[in-house]
Amino acid sequence: MILEFALLTLRPGSEAEFQQVFPVAEKVLAASPGYLSHELRRSIETPNRFALLVQWRTLEDHTEGFRGSPAFARWRGLIGPFFESPPVVEHFAAVALPRQ
């Protein structure tokens, strides 16, 4: 499993509208092959900044599958207009996981 971390910085004042549109965008994301789950968190200190955490089965499911698909264009069309700057995206592999 790969964790995608995307730091989204929105145009100040567009946060409420972004949060209204996001449920539509997340359905596009969730329908993608290799998608496992996601979380969207809003910064307390910087209210126009959001952290999007997406779990993918493999790195390629995100970088080649999703990003290379028509679904990515739809996704970006829904949320892209709110961006103040391009998202900062990194991928992480597990090193230590909580014991169950």
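Observations
- Prolate/oblate/rounded call for the chain, Cα gyration tensor, a/c under 1.5 rounded: oblate
- Net length available on complete extension from Ala16 to Ala96 is 25.3 nm, with 0.36 nm assigned per residue and the Cα-Cα distance removed.
- Gyration tensor over alpha-carbon atoms, the stretch 1-60, equivalent ellipsoid semi-axes in Å: 23, 14, 7
- Placing a pseudo-label 7 Å from each Cα along the Cα-to-Cβ vector at Phe72 and His38 gives an inter-label distance of 1.4 nm.
- Cβ-Cβ FRET estimate between Ser85 and Val24, R0 fixed at 25 Å, reported to 0.05: 0.65
- Helix 15-30 axis, angle to the chain major axis (alpha carbon atoms, nearest 10°): 30 degrees
- Compared with the dominant Cα axis of the chain, that is its longest principal axis, helix 70-79 is turned about 40°.
Any read-out appearing in this document is the output of simple, stated calculations on the displayed coordinates, not a laboratory observation. Please read these numbers as outputs of a predicted model, since none were measured by experiment. Note that we place each Cβ from the backbone using ideal geometry, even for glycine, and neighbour counts take in every protein chain shown.
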